[in-house]
């Protein structure tokens, strides 16, 4: 089953600025891998329901208590750009 | 033979009796590393000063006869995807070059609180994606048994340092075989615990529902000892096991008399090297002779497990790696807008295998393809779990080769993702099921490369798994050590 | 509005409410407003490598309370999903949210609009986490001229509940009433401060129009940036008219997100990115399912306070008209408690309600006093009401009595005596004063007898003055007329 992949769209969703050449290479590789991965479609899975946790655990909570936060200076030291207590980025214009 | 060649158990006895100090032991290990690293490139960061300081503190505790436990003073290495406060943690990615986390992973806290001496951070395939440790932004690691060959992966650095004696034990992470496969290829013991037994807090995530931290050691006894040290409920990990934790060392030495050992039928034949099959079959004969009931078992879904894995793991990784965006830490490549900056930073910062898996996972989750790929893979995962459950009604453990082949030459598979993915065919099912598995070295092939034997058990079945593993180790009498350029002989 | 004749609007509203828990949704960082930037952050809410989320139990209980108050079904098992999209103020570049199995679903809220009750369906209420805040810096603070963006992650990870109504709303007035009633419910539950101006309660509206009786929905437009109830009402009204105009003038409505411009009073289309709707939801593998079993549900239900609608109904049963019941239901909780105690102590409900919503509220506002700080008790309010109905004090003197009570001078009886406000209801004493006034004003008496009835008012005033206002006016009136005729 040949698999049609809009690789440019996928790369945009994943925020990866790739060249045309790179995109074409990945498109071919993804096609090969997905052809193999499509074997999952051959199995009759009607007898099972997927579970969220491999061991079926539920209800893991924490109490509503405040814990110390990180030192801001240490946090901002790791940032490529920071000023006056803020992280700084080029203009973020899109509506979220 | 130096103190660097001791097992953890032997070294702990030496420290406890005062026969040697942690400072001597740590020095021996660091000296070994100084010699082997030129060939292996297994460490990304060595914390010489931190290690010597920790050793000196350990010595003071031992002198007061007040050690923190059997690991007090033992040099242990960490895979570089576990966060260490103030010590560079890169996950072998360019995108995290120079990153110093502001906190310790839970396993690191646990090791420190038990007095372990952290030697440094070991190499891996970038973000633990790979089976050869060739996908590291900082260069590949060599196999101590043959520097032209890969150590396996993704925890190749941790496997190599334990094999070479540049640490007495190490931690790795296993998402599809990343502990067990390199352990097999490097001739050491590597173990992946039941999902949830060891906290993932501070482990840089690859695929959250599959990742699990586990120990690399030279012996099965050491493996249980190290697992005892790192396992335990962690309130910071919502997937952490909340029940009672067994003592993993207790089951060792009780033999396999009366145990039912299932040989997974599907893990043989095409693609499996004859030497590997021969070594495993000989081990099965010996297990049978020593009183185990060895039977062949079919787990038909394992064939589809690889396909399911290569949808589920990339899907989770595509979200887990979204946070690397050049804003709060890591590499930034400038751009006119935030979006452009993010996309350029990510393209520049991630290597080809990581990029490939992010794209694959993004595609598998996207509108119109979810049901056919990711959704279906989850159902196959559930089917595999049901298959395993049925198998474990008949047997106590399942066994197989850990890897279909021994260490391969560098570059052999790195251009063919699908061939590389086949390395993990025997190990992936345990991750999908959330079950424990261990690889024990049982011999060498005709080229002198180690062969690993895998023992798998149901969830929380570590005691019976260790019981069988210890017997495999006893029967194998594997005591060969790599002669790494003459330095470790 | 003739242009709208024959058209019907279909409106759904999405409300985001920040829960005012102590700590964030998935980590122990403080929930606070107005702190210095990036002070309340940790590996989890900053999306640092290796960090993991653990859900806040209280938040889960609170969203259940919200669901119960909105008559929702509570899912016995629900799960968290990852909603994937890249944005600078979303640290993990996915939001932990809920997708196909929210905690609450299929409820309703009854809303009073122009004297009618309208039932608005609730599609779902789900738990998620808030984002950080972006400050767009540059020329005149205008977004499109920004030269850089500053990021503060203090808000990142604050528990957020999204409440989605069914498309049951038909008018701008209903939209406003729904949002206001929802806010009342949230405040009553005491789970959020629900401040519109600080963004702890925010709403978006989905609007489409169709010809009356048409079976299908029109094209839906999402409106954002409405920061008050008034702007919500205005924006919805504007958008309905815009869409009808568009269609009747031969155009078509396009599916888009529009931004409400409060100053200009119009909506603008927003720049949207391609493919942005592909959120690639999948189950959050770092979390396990939430199971709220019958026992836990019962415990949570037990903690529910009386809700505004229930309270209005109870007040109506006490004989208050719908308006007064509504005003009182919206009054401060301490004042409502005084009212309830006064009624328990036998006060006439209507009179007590008028006191509470009128003079008592006005006094507190005038004196800038918190309701909880006033010494007024239900028993004292009941006594005050009785003093007026028994004519022990005049209506105007009663306000003086209240003033004394509020100032801590003691019980109403003591204040009335202390301030010498008890009415003279002894006919003999009043008669003497009447005689004196009549004797002193012969011309007034003459004018009355000449048929000038209204001069009685002047004479009553004179008697009241002579008695320092303490004479019971009804008696004065009676005695005057008796003596004059």
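We did not get these values from a lab; they are worked out from the coordinates using the rules stated. These numbers come from a predicted model, not from an experiment. A quick note on method: Cβ atoms are made from the backbone with ideal geometry, for glycine too, and the neighbour counts reach across all protein chains shown.
Data for the structure
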quantity	calculated
Calculated Rg and Dmax of the range B:1-83 using C-alpha coordinates, Å	12.9, 40
Separation of the residue A:28 and residue A:8 label points, Cα + 7 Å toward Cβ, nm	1.9 nm
Percent of alpha-carbon pairs separated by more than 21 Å within chain A	70 percent
Cα-based shape type of the range B:3-258, given that a ≥ b ≥ c are square roots of the gyration tensor eigenvalues and the cut on a/c is 1.5	rounded
Mean Cβ count within 10 Å, highest first, over the residues of peptides B:475-483, B:313-321, A:22-30	B:313-321, A:22-30, B:475-483
Kirkwood Rh, angstrom, the range B:247-296 [1 / mean 1/r, Cα pairs]	12.3 Å
Relative contact order of the range B:15-145, pairs being alpha-carbon contacts under 8 Å that are 6 or more residues apart, as %	29 percent
For the protein assembly as shown, average projected area of the Cα convex hull in nm²	55.7 nm²
Shielding by other protein chains, B:351-362, mean Cβ within 10 Å	5
In nm, spacing of pseudo-spin labels at residue C:468 and residue C:291 (7 Å Cα→C-beta vector)	7.7 nm
Ranked by how many other beta carbons lie within 10 Å on average, peptides C:359-371, A:68-80, C:167-179 from highest	C:167-179, A:68-80, C:359-371
Reference-scaled alpha-carbon Rg (2.2 N^0.38 Å with N residues) for the range C:363-423	1.05
Debye log10 I(q)/I(0) at q = 0.25, 0.27 Å⁻¹ for the range C:427-484, Cα point scatterers	-0.98, -1.13
Whole-Å distance, taken between Cα centres, linking the range B:423-463 and the range C:329-405	79 Å
Label point distance in nm, residue B:100-residue C:417, each placed 7 Å from Cα along Cα→Cβ	7.9 nm
Within the range C:99-119: backbone nitrogen closer than 19 Å to the residue C:321 label point (7 Å, Cα to C-beta)	C:112-117
Radius, Kirkwood style, for the range B:275-319 when every pair of distinct Cα atoms is counted (Å)	13.5 Å
Bins of 10 Å, starting at 0 and running to the largest distance - Cα pair percent for the range C:306-418	15, 49, 30, 5, 0
Average beta-carbon neighbours from other chains, 10 Å sphere, peptide B:102-114	2
Length-normalised contact order for chain C - Cα pairs under 8 Å, 6+ apart - percent	14 percent
Rg [Å, one decimal], Dmax [Å, integer] - chain B, C-alpha atoms	21.1, 71
Chain C: translational diffusion in µm²/s, Stokes-Einstein, Kirkwood Rh over Cα pairs, 37 °C, 0.692 mPa s	121 µm²/s
Burial ranking of peptide ranges B:333-344, B:369-380, B:156-167 (average Cβ count within 10 Å, highest at the top)	B:156-167, B:369-380, B:333-344
Gyration tensor over alpha-carbon atoms, the range C:170-279, equivalent ellipsoid semi-axes in Å	26, 17, 14
Calculated diffusion of the range B:349-441, Stokes-Einstein form, Kirkwood radius summed over Cα pairs, 37 °C and 0.692 mPa s, µm²/s	206 µm²/s
Cα-based convex hull, the range B:302-381, per residue volume (Å³, whole number)	91 Å³
Between the range A:1-67 and the range B:135-165, the Cα center-to-center distance that results, in Å	29 Å
The range C:357-485: mean projected area of Cα convex hull, nm²	8.9 nm²
Stretchable slack from residue C:344 to residue C:395, in nm (0.36 nm times residue separation minus alpha-carbon distance)	16.1 nm
The range C:95-172 shape via C-alpha gyration tensor axes, a/c threshold 1.5	oblate
When the convex hull of its Cα atoms is projected in every direction, mean area for the range B:141-225 (nm²)	5.2 nm²
q = 0.17 Å⁻¹, the range C:305-356: log10 I(q)/I(0) [Debye, one scatterer per Cα]	-0.41
Shielding score for B:231-243, defined as the mean number of other chain Cβ atoms within 10 Å	5
